[in-house]
Amino acid sequence: MIALSLAEIAEIVGGQTYDIPDPAVQVTGPVVRDSREIEPGSLFVAFVGERVDGHDYARQVVDAGAVAVLATRPVQAPAIVVDDVQRALGALARAVVERLGAHVVALTGSAGKTSTKDLIAQVLQRKGPTVWTPGSLNNEIGLPLTALTATEETQHLVLEMGARGIGHIRYLAGLTPPRIGLVLNVGTAHIGEFGGREQIAQAKGELVESLPKDGVAVLNADDPLVRAMASRTEARVLLFGEAADAAVRAENVRLTEHGQPSFTLHTPTGCSDVTMRLYGEHHVSNALAAAAVAHELGMPVDEIALALSEAGTLSRWRMEVTERPDGVTVVNDAYNANPESMRAALRALAAMGEAARAKGGRTWAVLGQMAELGDEALAEHDAVGRLAVRLNVGRLVAVGGREASWLQLGAYNEGSWGEESVHVSDAQAAVDLLRKELRPGDVVLVKASRSVGLERIAQALLEGFGSSEGEGAVR
Ligand SMILES: Nc1ncnc2c1ncn2[C@@H]1O[C@H](COP(=O)(O)OP(=O)(O)OP(=O)(O)O)[C@@H](O)[C@H]1O
Ligand SMILES: [Mg+2]
């Protein structure tokens, strides 16, 4: 964080100071909510959780080097006391971002936020010091904590914003007002909670409504609900996509035999070829979004294309491809799943299958529930099961309860029979089956919603093959 004195912080958050011998002492370390992350010079934020009350750790964190505690009641340690810690954290983030002078880029969408944020970060990092959301810390606590890790050197702040309802993005955009706001897509993630795609579009579009007149709304030209957001912003609009009128667009899109996208990137400064290290055609859209942001910040097309070609995965369990020494390839995409990302992953698997088949290998889709689909759940699971068959995926292993049975039934009704599609009750059963059946050359995709925890299957399959992923038994 940029150095601020306790007196300045107390004023920003409208708090009362307690037991602070010298209000001129500065917070120089990170602002943290987890006592294990304290460093000398930190400010500790005491949240009251369901099981743990941060206030109980006040003494301990100060002994570990924290300068003070941001709290809702006096503690046995130097403290700034406020009514609402979350609101105070937000106010502090906003004040710090205002003082920074960094370019603030915010992005939202139904699928691909983290993947795209990681791409933007890797591209912009080449231009200057960049701070970005670690993993998926995209909510009302993670966002300000991330913003507060920026320093005087930071030139770009890249922030993922998540929404579970109307008003969430507006709130987040108010904490760290972006000049560049990117909307990736409107899909069906969390549709059960939102009530429908229109509501999701309403919620995601709050990002472009929050942009200033001299800001830029970076919008996906290929998604009608996102394109329509152009009418909801005062900012200039920059379109990306495969549509002919997109200022930043891809031509000659194809997947290599390994399932990695390759295309010609066009920006207003020219064109350049990109072949990505990431897997799956959905990354074309993510890469174009990142290119649009980088273009807006003044990067020439050649530099952007090179950065996109060299970018890797920064966040785990997203299309993590590992080839075992015995020739079995495990694709761990178990971080999360919704219908769009299931389709994208299955198409990547199908592309990888072309190369696998040449070596006598087969493709396996080991899939579990897509959560939070509300009334759409049956139809969406059925459709994914059917798609696996249409894409000619060799074997479908549906893992788990009712939703998994819908996946398998969809595949069966689409024409898969016998062993081609099976339903197993849990991760262990899937691992037992795979250990028995896998042979060199096979490619195995593992994917389900976060709550299902299918990464355990990917980890078990890599166990004993010297991979860092391979620790821990299937539980
Ligand atoms: N543009 C895209 N369209 C469809 N699916 C995508 C896209 N980009 C990534 N995915 C897939 O969606 C899943 C989630 O990706 P990612 O974590 O990047 O999304 P997210 O929006 O950050 O998700 P969350 O809401 O959980 O934070 C992954 O399985 C990934 O392969
Ligand atoms: Mg995310």
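Observations
- Angle in degrees between helix 339-358 and the longest Cα principal axis of the chain, rounded to the nearest 10: 50 degrees
- Amide H contacts for Arg395 (H built 1.01 Å from N in the peptide plane; partners 5 or more residues away or on another chain; cut-off under 5 Å): Thr363, Trp364, Ala365.
- Taking only the alpha carbons of the chain, we obtain Rg and Dmax values of 23.7, 75 Å in that order.
- In plain terms, the C-alpha convex hull of region 121-203 casts an average shadow of 5.7 nm² when viewed from every direction.
- Shape of region 166-230, Cα gyration tensor, a/c cut at 1.5: oblate
- Close amide H pairs (under 5 Å, H built 1.01 Å from N) link Val218 with Gly181, Leu182, Val183, Leu238, residues at least 5 positions away or on another chain.
- Anisotropy class of region 1-130 from Cα gyration tensor, a/c 1.5 cut: prolate
- Cross-link pairs exceeding 27 Å in C-alpha to C-alpha distance, out of Lys113/Lys436; Lys204/Lys447; Lys117/Lys359; Lys113/Lys359; Lys117/Lys204, comprise Lys113/Lys436; Lys117/Lys359; Lys113/Lys359.
- Magnitude of the charge dipole, the chain, Cβ model with Lys/Arg +1 and Asp/Glu -1, debye to 20: 580 debye
- Estimated vicinal HN-Hα couplings, Hz - region 82-98 in sequence order (Karplus 6.51, -1.76, 1.60; Gly, Pro = x): 10, 6, 9, 5, 5, 5, 5, 4, x, 5, 5, 4, 4, 5, 5, 4, 4
- Since only Val81, Ala93, Ala71 are under comparison, the one whose Cα sits farthest along the positive direction of the charge dipole of region 69-141, derived from C-beta charges on Lys, Arg, Asp and Glu, is Ala93.
All of the numbers you see were taken from the coordinates with simple rules; none came from a lab. The model shown is predicted, which means the values in this text are computed figures rather than measured ones. Heads up, the Cβs are rebuilt from the backbone with ideal geometry, glycines too, and the neighbour counts pull from every protein chain shown.
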